[in-house]
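The values are calculated or read from the model by the stated rules, or taken from the named source; none is laboratory data. Owing to the predicted nature of the structure, the values given are computational and were not obtained by experimental measurement. A quick note on method: Cβ atoms are made from the backbone with ideal geometry, for glycine too, and the neighbour counts reach across all protein chains shown.
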Amino acid sequence: MRVPSEVIESIKKNKVCLKGGLATPMGGGVSSLNVQLRKELDLYASLVNCFNLQGLPTRHENVDIVVIRENTEGEYVGLEHEVVPGVVESLKCVSGVSLRV
């Protein structure tokens with residue numbers, strides 16, 4: 001399963017994309033659709049703006065924070081494979097050093 005090439009080209013041309021959750025089948029060597037988008041569009045950070053909405057009661061008030069997560073290393077790099085059925089090997093990168101976990 002892959003993101004259609006016309007979708008990738010549209011994102012590159014228009015410089016904008018609204019994306020919801022993407023489901024990727026488990027097993028079978030299928031690469032994550034999110035990993036594909038990150039690699040093809042060279043997306044290196046995930047920005048999430050967290051804030052309260054007026055009139056909506058929450059546990060904490062006056063929240064206004066932006067969380068920035070680097071998503072091209074570690075578990076986000078997408079270097080995983082199933083060695084034997086039920087055993088998955090994932091390559092992790094810590095400070096530029098590749099580790100086998």
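Conditions (1) modelled with pLDDT of 60 or more; (2) part of a loop (DSSP other than H, G, I, E, B), marked per residue:
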| position | (1), (2) |
| --- | --- |
| VAL48 | yes, no |
| GLN54 | yes, yes |
| THR58 | yes, yes |
| GLY78 | no, yes |
| VAL83 | yes, no |
| SER90 | yes, no |
| SER98 | no, no |
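Based on what the data block shows, is MET1 within 30 Å of VAL84 (Cβ to Cβ) and touching a residue at least 24 places away in the same chain (Cβ under 8 Å)?
yes
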